[in-house]
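The structure appears below as C-alpha cells.
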Amino acid sequence: MNDIPKQTAEIFAILSRGNFISSNGSRGRLFDVISQEGNFELLREFFGHTGYTLEQGHNYYYFSQPDEQTIVIEKKLEQFAYYIDVMDFFSSMDTKPSVGTRYRVTQIAEECYSNERLKQKIYALSRREKMIDKVAEIAGDLTAAGFFEQEDEDTYKVMDAIHYLEQVITLITIEEEENGEQKNP
C-alpha cells in the first residue's frame, strides 16, 4: 500500500462526508488522481478496510457502505424524497438540469414569479420568506451534497454527480395493480 496517492486523505475527507468528486468541478484534480491507471482499484481496496466502498459513476466517484445501519438508510431515503422533489422542480424549469448547466439564483426566482407551477413547487420545498432565499437554500442544499457547485454569489453549476440522482430516480418504480390503481406497499 506504499503506492497510494498523496491525496488519499483529502479524497477520504470529501467522500466520507457523503459528497461526490466530479470531473467537472473544482475537485477535478482529485477525480484525475482517482482515474489514473491503477489508482481506482488501489484506492477501492485501501478504503475497503475503512468500511467504505469506492464507487464510480459517470464522471464522478462516491463512497457506499454495504453494512449501513437501518437508521442511516432511513435518513438517506428521506433525503432522497427531498431530492426527487428538487429534481422535479428543476425539471419543470425552462432550462433542465444537465451536467454543466449554470443557474443564477435571481434567474430561478424570476422564473418562479412568472410560473405558478414552479412557485407552488418551491413553496413546498422551502419555508423561507423571500423567493430568492428559497432558491438559495435549495441551491445550497444541492451544493452541500455535491450535485451543484457555487461559482460566485449568484451562480451555481450542475456537477457530473447529478447522474447519481437521475439513476436513483430511474430505479424507483411504482407498481400498479391490474385496474391501474397504485398498490399499497
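The values are calculated or read from the model by the stated rules, or taken from the named source; none is laboratory data. Since the model is a prediction, treat every value here as computed from it, not as a measurement. Methodologically, a virtual Cβ is constructed for each residue, glycine included, from the backbone with ideal geometry; neighbour enumeration extends over all protein chains shown.
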* Read through the list (1) surrounded by fewer than 17 Cβ atoms within 10 Å (Cβ to Cβ); (2) within 20 Å of H58 (Cα to Cα), then give the number of the only condition that R127 fails. => (2)
* To do: Filter the stretch 36-56 down to residues that are farther than 17 Å from R17 by Cβ and not aliphatic (A, V, I, L, M), then give me how many there are.
  => 12
* Asked: Hey, does the stretch 90-105 have a residue that's in the same structural domain as E153 (by TED's automatic domain parsing), within 28 Å of S35 (Cα to Cα), at pLDDT 90 or above and among the basic types (K, R)?
  -> yes
* Would you be able to tell me the number of residues in the stretch 145-170 that are outside any strand (DSSP E or B), charged (D, E, K, R), out of contact with any helix residue (DSSP H, G or I) (no Cβ under 7 Å at 6 or more places or on another chain) and surrounded by fewer than 21 Cβ atoms within 10 Å (Cβ to Cβ)? => 4
* To do: Filter the stretch 70-106 for residues that are touching a helix residue (DSSP H, G or I) at 6+ places or on another chain (Cβ under 9 Å), among the polar types (S, T, N, Q) and more than 18 Å from L165 (Cβ to Cβ) and give the result.
  => T106
* Asked: From the set of residues in the stretch 47-94 that are part of a strand (DSSP E or B) and either under 17 Å from K119 (Cα atoms) or of a type outside the set (A, V, I, L, M, F, W, C) (or both), which is farthest from the chain's Cα centre (by Cα)?
  -> T53
* Structure fact -> Taking the stretch 8-46 and keeping residues free of Cβ contacts under 8 Å to residues at least 40 places away in the same chain, in a loop (DSSP other than H, G, I, E, B) and surrounded by 16 or more Cβ atoms within 10 Å (Cβ to Cβ) leaves R27
